[in-house]
Amino acid sequence: MTATNETRRKVFLGLLGGAAGLAFGGGAAARVAVDEASKVFRLDGGAATYAFGVNAGGQVQTLYWGAALAASDQLPAAVLTEGNSSNEMPVSVSPYEFAGFGGGLTTEPALKVRFPDGVRDLDLRYVGHQDKGDRLILQLKDVQRAVHVALTYAMDEATGILARSAVVENRTGSWIQVDQMAAACLNLPYSDDYQLSFLSGRWAGEFTLQTRAITPGAFVLESRKGVTSHQVNPWIAISRAATGEEAGPVWFGALGWSGNWRISVEMDAMGGVHASAGYNPFDFNYRLKHGESLASPVLHAGFSNEGFGGASRIFHRYQREKILPHAPAPRLRPVLYNSWEATFFDVTEAGQLALAEKAAGIGVERFVVDDGWFGARNSDKQGLGDWVVSRKKFPNGLGPLVKRVNELGMQFGLWVEPEMVNPDSDLYRAHPDWVINFPGRQRSQARNQLVLNLARKDVCEHLLKVLDGLVASHNIAYLKWDHNRAWSEPGWPEAAPDEQQRLYVVYVDKLYQLLAELRRRHPKLEIESCASGGGRVDLGIMRLTEQVWTSDNTDPYDRLVIQDGYSHAYAPAAMMAWVTDSPNFVNKRETSLEYRFLSAMQGGLGIGANLNHWKDEDFSKARRLIGEYKLIRATVQLGNLYRLVSPRNGSPRSATLSVSQDRKQAVLFAFLHSSMMRSAQQTIQLRGLDADTVYALRAIAGAAAPGTVARASGAYWMGHGLKVILEGDFQAAAFVLQAAAHT
Ligand code: GLA
């Protein structure tokens, strides 16, 4: 095991409760059953069963993944699938759990290596397994050479979500080079109506749900940007044509990796569907000396027979209970104020103090100073990297502001972008060699900045020292941790040429370690993952950050679509959403303050408006709605989400319902985006309530149709529904249903 991987394991062991982050701290692991005679391995959890077996040749194949089977069901042993001619070798049309490139494999390998003698054939066979109670470890080895692979399977009992990863270890006596490595391969049997869903986008337009038929050939989703990326997110769902929001099978997976990744979904010549997810093989190689090993990221995969809604509800639960900091009880998101859209770089002590007084007055709980507080940072052209409070803007340092913010009953938070540097900065002038670069080649800038090389020990030590000092010397409760550009010229000149491409792995490992160490030193510190909006949202970083920023686009209508897409993969518990000014800075759309609030109240609520421009009535409206939000936030953040009416594809309406875990409270948000054609008022049938409980209805904003009953059973609200009055463009209403009695 390399130092890097060893440290990665230790970090996860120490902070996350298990080796490679796979063993679960709280809650039970799923049932594991191993039939030694037939070599059938079976994991049961939630409403799912996953089974694989070892065939007569020692190859490991998926046997079943789907709805829970009866405990008494026996699965037939694994056998290679036959092709229909000599052109389709059995290994290429069989559902391998983790295939090496070799032995005639023509589909996507999970692992591809080269040896010093030029051999590039790797044929992995089962050599043993260990049942560790909370996880199963499968040992594979090449038929001839001492390349060992350990596959880890950890299934969560409550949700049936399986965390899979792999470690390759070189015991050959010489070096080997890993050219490609996945966490896992997922296999589904032939079907001619599979659909692939994924999330795509761009800056200010993240998390758009895309769906396409899975057809013969391969479809590749990836990031080559050094970071998770806005363009495609490492989450997929495979469904059947008839699958809907609340019914039908959905197989899904998300890769926990914040660097270059790839998911390939392939239909082989005989119609089998294989999805492999892991490091992006593009420009990848990782040389292992004898005795060294490389761990893959973790792929988290689940199954639901209850449509996309069912799939996302179990995935949200899994994230709350297994992934997010403080799992299984992630902390509620405080109401935040952030000054970015109000002031941009024009940050001053007096200006921030004035905003803080106003924010406290409406019930804000955390006050955050965004970009512009440090060095010579008056625009995005200079100062990045110099994490020293600007004495021009804060003559007495941050102390007086932090003190006042705390006196006002709020926590204090700060924006940082530690991984980056402006060439026009003291840091870069002192250490021009600290950035990712190829010697003698151009250093392409984006937003006038370059990427610091976190793979370098000195860079990490510097960042830890600076950030630790910053947090320790001020009462900082929260950091918004940004990453605002894609990588370019990804060189690491100080490393040996044949080790430089380790950068793709080591950088991300070091980033995770830096975050983990900072959290260890400051247990109360909370962190938000931001990358020009939603460019770094994945289950790797989300183990170390309480919250994520889904988009710089704060337009409340666009945001509904972004939030809808986000919620297919990620939990509302971590999703921040702000109320900002109208017209919105991104698209100039004008909307009412109430509409903006109701859009943002579906996640962790933030206020990003320029409060200096607000009128008295805006303050009183905001105070009231923030008060309402505090009464429902546990349900919104930690409850079960039902996407009742989708805002996608230009739908004129949308609605979501959040139901608390104990089903005592439900919160309905309903929107009319366009009153086009004066369409009829909509009756919305709720879901997820307890049919036998009487719920009292109360409007937070907007109104139900005249004559709507004040109290009725869950059966009534789910069957008869609730007619909401909305008229005009960009209108919104919200209601609370509170359990009052049993029927
Ligand atoms: C990025 C973030 C914004 C803001 C700016 C500051 O664009 O996504 O929210 O913090 O950086 O420069």
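Estimated at 0.36 nm per residue, the fully extended path between residue 192 and residue 651 surpasses their Cα-Cα distance by 162.4 nm. Counting only protein heavy atoms and using a 1.4 Å probe, the accessible area of residue 73 comes to about 70 Å². Here the contact order of the stretch 24-323, divided by its residue count and restricted to Cα pairs under 8 Å and six or more residues apart, works out to 18 percent. Using +1 at the C-beta of Lys and Arg and -1 at the C-beta of Asp and Glu, which of 47, 133, 527 has the Cα lying farthest in the positive direction of the dipole of the chain? My answer, from the dipole projection, is 527. Straight-line cross-link reach from residue 225 at under 19 Å between alpha-carbon atoms covers these aspartates and glutamates, not counting any fewer than eight positions away in the same chain: 179, 206, 283, 417, 419, 482, 489, 509, 538, 552.
Nearest 500 deg cm²/dmol is fine: what mean residue ellipticity at 222 nm does the chain get from its DSSP H runs of n ≥ 4 alone, each adding -39,500 (n - 2.57), divided by its residue count?
-6000 deg cm²/dmol
Modelled this way, with points 7 Å down the Cα-to-C-beta line, the labels at residue 588 and residue 73 are 5.8 nm from one another.
Packing here is the average count of other Cβ atoms within 10 Å per residue, and on that basis the peptides 422-431, 544-553, 211-220, highest first, run 544-553, 422-431, 211-220.
Rounded to the nearest 0.05, the FRET efficiency derived from the C-beta distance between residue 357 and residue 87 at R0 = 60 Å is 0.20.
Per residue, how large is the accessible surface of the chain? Use a 1.4 angstrom probe and give square angstrom. Please report the intermediate quantities before stating the final value.
On the way: 25850 Å² over 743 residues.
With the other protein chains kept in place, the chain gives 35 Å² per residue.
Treating r as the C-beta distance of residue 380 and residue 464 and R0 as 22 Å, the FRET efficiency rounds to 0.35. Report note on the peptides 256-267, 520-531: ranked by the mean count of other C-beta atoms within 10 Å, highest first, their order is 256-267, 520-531. With R₀ set to 56 Å, the beta-carbon distance separating residue 289 from residue 610 gives a calculated FRET efficiency near 0.50. In whole angstrom, how far apart do the alpha carbon centroids of the stretch 349-366 and the stretch 53-78 sit? That distance is 60 Å. How far is it, in nm, from the label point at residue 120 to the one at residue 430 when both lie 7 Å from their Cα along the line to the Cβ? If labels sit at residue 120 and residue 430, their model points lie 4.5 nm apart. Counting Cα-Cα pairs of the stretch 627-681 in 5 Å increments starting at 0 gives whole-percent bin shares of 5, 19, 23, 18, 13, 12, 8, 1, 0.
Could you please state how large a percent of the accessible area of the chain is carbon and sulfur, counting protein chains only and using a 1.4 Å probe?
On the way: 13250 of 25850 Å².
Taking all protein chains in place, the chain shows 51 percent carbon and sulfur surface.
For the stretch 197-214 and the stretch 568-601, write down the distance between their C-alpha centroids in whole Å. Each part's Cα centre sits 19 Å from the other's. In plain terms, the chain from residue 139 to residue 699 could stretch by 195.8 nm, reckoned as 0.36 nm per residue minus the Cα-Cα distance. Could you work out how far the C-alpha centroid of the stretch 670-743 sits from that of the stretch 388-462, in angstrom? Each part reduced to its Cα centre gives a spacing of 48 Å.
If you stretched the chain out fully between residue 270 and residue 664, how much longer would it get, using 0.36 nm times the residue separation minus the C-alpha to C-alpha distance? It would help to have the intermediate numbers written out before the result.
Values: separation 394, 0.36 × 394 = 141.84 nm, distance 4.99 nm.
Using 0.36 nm per residue and subtracting the Cα-Cα distance, I get 136.8 nm.
Structure shown: which of 358/480; 358/621; 664/723; 630/664; 358/588; 480/524 lie over 19 Å apart, alpha-carbon to alpha-carbon?
358/480; 664/723; 358/588
Once you sort the root eigenvalues of the Cα gyration tensor of the stretch 24-323 as a ≥ b ≥ c, which label holds: rounded (a/c under 1.5), prolate (a/b larger than b/c) or oblate (the other case)? The shape class here is rounded.
Tabulate in residue order the Karplus-calculated ³J(HN,Hα) for the stretch 67-72, using 6.51 cos²θ - 1.76 cosθ + 1.60 with θ = phi - 60°, rounded to whole Hz; enter x for Gly and Pro. Working through the residues one at a time gives 4, 4, 9, 5, 4, 7 Hz.
The values are calculated or read from the model by the stated rules, or taken from the named source; none is laboratory data. It should be emphasised that the depicted structure is a prediction, and the values quoted were computed from it without experimental measurement. Neighbour counts are summed over all protein chains in view; Cβ atoms, including those assigned to glycine, are modelled from backbone coordinates with ideal geometry. These accessible areas exclude ligands, DNA and RNA; they are computed on the full protein's heavy atoms, side chains included. Shrake-Rupley method; radii C 1.70, N 1.55, O 1.52, S 1.80 Å.
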